[in-house]
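Since the structure comes first, as structure tokens, the remarks are kept for the end.
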Amino acid sequence: MPKYIFVTGGVVSSLGKGIASAAIGKLLESRGLKVSLIKCDPYLNVDPGTMNPYQHGEVYVTEDGAETDLDLGHYERFTNASLGRDNNITTGKIYYSVISKERRGDYLGKTVQIIPHITDEIKDSIKKVAHGQRLDIVIVEIGGTVGDIESLPFLEAIRQLRLELGKDYAINIHVTLVPYIKSAGEIKTKPTQHSVGTLREIGIIPDVIICRTEKVLSKETKDKIALFCNVDKEAVIPAVDVKTIYEVPLEFKKEGLDSLILRLLNLKCEDKALSEWKNAVVKRLKSSRKEVIIAVVGKYITLQDAYKSIYEALVHGAIANQVKLTIKKVDSEDLANNSTERYLDKAQGILIPGGFGYRGIEGKVEAVRFSRENKIPFLGLCLGMQTAVIEFARNVCGLKGANSTEFDPDTKYPVISLLQEQQKVKIKGATMRLGAYQCKLTRGTHAYLAYKKDKIVERHRHRYEFNNHYRQILEKKGMLFSGIYPGKNLVEIIELKDHPWFVACQFHPEFKSKPDKPHPLFRNFIQTGLKL
Ligand code: GLN
């Protein structure tokens with residue numbers, strides 16, 4: 001039976017609980033333990049797949065095709081855990097299941113209630129993750145902030161679980177904010193005391209408190225938090241702001257968090273330094289001087305989280321090339337015809353991310369034209385590939401008005417059209433072409449040179465697809481179809497012949513990039529940009 005670490009958050013949201021959980025995962029893996037992670041999201045959506053990025057940030061797609069919270073991205077980037085649909089539990093999923101059981105008659109005769117039915121469902125869903133796997137530790141992060149009405153059933157469930165499992169088998173870690181009040185010149189512990197107080201009211205007593213702070217915590221402050229929050233002095237772990245998120249495991253290690261957790265869970269493991277991670281990731285990131293500028297042309301650029309995995313994959317590509325990355329975020333709606341140069345002239349690479357809907361499309365087409373004509377390395381992802389096809393059809397093949405039927409259902413040249421399997425689909429949730437599919441690469445192409453393999457597996461999230469009817473026309477003018485999904489002869493990767501590096505794919509390579517295993521496409525994209 002695995003042991004459990006429950007991670008809650010207090011005071012404010014956006015404290016980096018996801019990164020803290022991922023970093024704890026990394027630390028425990030480094031001690032030889034097999035780890036998995038779960039994110040509990042208290043909202044009523046079954047999954048984030050139908051939410052706008054402004055509401056939710058990126059939707060992270062797992063290998064098994066689940067549309068999940070972006071924290072699963074942090075978990076997979078920091079650890080070796082391979083996650084799937086069961087690793088993201090939402091209130092929506094829990095209620096859906098309980099109500100379906102009620103209709104089936106599984107609770108016949110009973111009044112179905114939050115306690116015990118909803119809380120039992122949560123506990124079962126948490127325990128289910130370990131079925132069929134030999135896991136040592138499961139880290140369960142509860143989304144939201146303590147005190148929210150929505151997260152109460154989750155907190156009650158973990159309270160019960162801890163009681164059932166016993167203290168050697170489960171611990172609670174609470175992540176809080178310890179703010180610095182500038183005008184008073186003081187660090188304040190009161191919000192943390194209140195937050196721990198609220199947790200205690202619902203029966204949860206933290207074993208460890210992780211204090212997010214911008215200033216180093218003095219011994220007095222740490223002792224005060226320990227005293228008022230009823231934890232051991234060494235269980236107050238400061239988490240001071242760092243330059244890169246990849247430093248967090250190293251900082252936690254310095255504070256002795258891994259040894260503390262192992263002691264609390266009564267586990268004995270050999271101590272190991274995180275030297276590989278330190279040398280291959282953090283040192284490289286911090287010591288790189290030479291700069292590379294990559295423009296990301298999208299419509300959600302004002303939001304930090306909308307393209308999370310893409311920004312991280314670019315960082316990984318920069319690590320691989322030992323350069324300092326500067327991302328220039330360009331709003332595709334700003335790219336009117338004559339201003340494109342002003343926005344993109346310094347870019348050594350242009351990336352167009354995925355997306356939905358017509359807004360911002362024409363600006364993206366314009367960015368494709370700019371990179372094609374000026375021979376600037378280009379990486380198009382999903383919708384980014386589709387816009388590259390539209391641009392090429394319009395401006396090189398002379399198919400005036402070519403478009404995707406997503407944006408113009410009556411276009412004369414539907415170079416991108418609905419996947420055949422999608423034609424009867426009416427329901428929006430979880431019905432796209434999702435998750436891992438195989439792709440066969442053509443030797444000698446940029447894609448092949450990057451992956452150095454004939455067959456790859458990448459993750460998808462789309463309804464539209466390159467329309468094979470136009471393959472010959474585009475091919476004749478210099479487009480290359482370098483990756484194909486053999487099962488259905490679907491175009492997965494396109495390239496341009498007469499260009500230093502123009503690669504666009506229907507899948508999302510960003511979901512499989514890790515700081516210590518940079519994705520080959522991101523690596524080579526940046527490598528080519530550096531030569532400019
Ligand atoms: N809207 C496009 C489609 O559904 C692209 C999706 C995406 O970029 N993830 O095919």
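Each reported figure results from applying straightforward, stated rules to the coordinates on display, with no laboratory input. Keep in mind it's a predicted model, so treat the numbers as computed, not measured. We place every Cβ from the backbone using ideal geometry, glycine too, and count neighbours over all the protein chains shown.
Under a 5 Å amide H to amide H cut-off, with H placed in plane at 1.01 Å, what residues pair with residue 90 once short-range neighbours are removed?
Here the answer is 41, since their amide H atoms fall under 5 Å of that of residue 90.
Can you show me the helix-derived [θ] at 222 nm for the chain, built from DSSP H runs with n ≥ 4 at -39,500 (n - 2.57) apiece and divided by the number of residues, rounded to the nearest 500.
Result for the chain: -9500 deg cm²/dmol, rounded to the nearest 500.
Taking every Cα atom in region 474-532, find the radius of gyration and the maximum pairwise distance Dmax, and write them in Å.
For region 474-532, the Cα-based Rg and Dmax read 13.2, 40 Å.
Per the Kirkwood definition applied to all pairs of different Cα atoms, how many angstroms is the hydrodynamic radius of region 1-74?
Taking the inverse mean of 1/r over all distinct Cα pairs, region 1-74 comes out at 13.9 Å.
How many percent of the alpha carbon pairs in region 60-105 exceed a separation of 13 Å?
Taking all Cα-Cα pairs of region 60-105, the fraction more than 13 Å apart is 59 percent.
Which far-off residues, 5 or more places away or on another chain, put their amide H under 5 Å from the one on residue 12, with H placed in the peptide plane?
Here the answer is 177, since their amide H atoms fall under 5 Å of that of residue 12.
Quick one: dipole size for the chain, taken about the Cα centre, charges +1 on Lys/Arg Cβ and -1 on Asp/Glu Cβ, in debye to the nearest 20.
Around 1200 debye, computed over the chain.
For region 141-281, rounded, prolate or oblate, judged on the Cα gyration tensor with a ≥ b ≥ c (square roots of eigenvalues), a/c < 1.5 rounded, else prolate if a/b > b/c?
oblate
Once amide H atoms are placed 1.01 Å from N in the peptide plane, what residues at a sequence separation of 5 or more from residue 349, or on another chain, have their amide H within under 5 Å of its amide H?
295
Computed FRET efficiency, Cβ-Cβ of residue 489 and residue 169, R0 41 Å: what is it to the nearest 0.05?
In this case the efficiency is close to 0.20.
Quick one, can you get me the convex hull of the C-alpha atoms of region 235-316 expressed as volume per residue in Å³?
135
Could you work out the Kirkwood radius for region 301-435, taking every pair of different alpha carbons, averaging 1/r and inverting it, reported in Å?
Evaluated on region 301-435, it is 16.3 Å.
Can you find, among 195, 36, 484, the residue farthest towards the positive end of the dipole of the chain? Put +1 on the C-beta of Lys and Arg, -1 on that of Asp and Glu.
Looking along the dipole axis, the top candidate is 484.
Tell me the Kirkwood radius of region 61-139: reciprocal of the mean inverse pair distance over distinct alpha-carbon atoms, in Å.
Across region 61-139, the inverse of the average 1/r is 14.2 Å.
What do you get for Rg/Rh over region 286-331 if you use C-alpha atoms and the Kirkwood form of Rh?
Result for region 286-331 is an Rg/Rh of 0.99.
Would region 363-438 count as rounded, prolate or oblate if I go by the C-alpha gyration tensor, calling it rounded below 1.5 in a/c and otherwise prolate when a/b exceeds b/c, oblate otherwise?
Verdict is oblate for region 363-438.
Taking the alpha carbon gyration tensor of region 74-223, what are the square roots of 5 times its eigenvalues, largest first, to the nearest whole Å?
Equivalent ellipsoid of region 74-223: 34, 19, 14 Å, largest first.
Starting at the first residue of region 443-455, write each ³J(HN,Hα) from the Karplus equation 6.51 cos²θ - 1.76 cosθ + 1.60 with θ = phi - 60°, in whole Hz, x for Gly and Pro.
Each residue's phi maps through the Karplus curve to give 4, x, 8, 4, 4, 5, 5, 6, 7, 6, 8, 7, 10 Hz.
Restrict the search to region 217-277; then list the trypsin sites (Lys or Arg not before Pro) that DSSP places in a loop and that have at most 15 other Cβ atoms within 10 Å of their Cβ.
Counting only loop positions with at most 15 other Cβ atoms within 10 Å, the trypsin sites (Lys or Arg not before Pro) in region 217-277 are 243, 268, 272.
For region 394-447, run through the trypsin sites (Lys or Arg not before Pro) and keep only the ones in DSSP coil with at most 16 other Cβ atoms within 10 Å of their Cβ.
Those that pass, being in a loop and sparsely packed, are 400, 412, 424, 426, 428, 443.
Dividing the alpha-carbon Rg of region 115-173 by 2.2 N^0.38 Å yields what?
Expressed relative to 2.2 N^0.38 Å, the Cα Rg reads 1.14.
Any idea what Rg and Dmax come out to for the chain if you just take the C-alpha atoms, in Å?
According to the Cα coordinates of the chain, Rg and Dmax are 24.6, 74 Å.
Test of the criteria: in region 1-63, which GluC sites (Glu not before Pro) are in a DSSP loop and have at most 13 other Cβ atoms within 10 angstrom of their Cβ?
The qualifying sites: there are none.
Taking the square root of 5 times each eigenvalue of the Cα gyration tensor, what semi-axes in Å does the equivalent ellipsoid of region 406-510 have, largest first?
Equivalent ellipsoid of region 406-510: 24, 18, 11 Å, largest first.
Taking the Cα centre as origin and putting +1 on Lys and Arg beta-carbons and -1 on Asp and Glu beta-carbons, what dipole magnitude results for region 118-235, to the nearest 20 debye?
In total the dipole reaches around 420 debye.
Treat the count of other C-beta atoms within 10 Å as a stand-in for reagent exposure and order 258, 454, 334 from fewest to most.
Result, fewest neighbours first: 454, 334, 258.
From the phi of every residue in region 230-246, what ³J(HN,Hα) in whole Hz does the Karplus formula 6.51 cos²θ - 1.76 cosθ + 1.60 yield, where θ is phi - 60° and glycine or proline is x?
6, 10, 5, 4, 6, 8, 9, 10, x, 10, 6, 3, 10, 5, 10, 4, 6
Regarding region 1-136, what's the average projected area of the Cα-atom convex hull, expressed in nm²?
Taking a quarter of the hull surface, the average projection is 9.6 nm².
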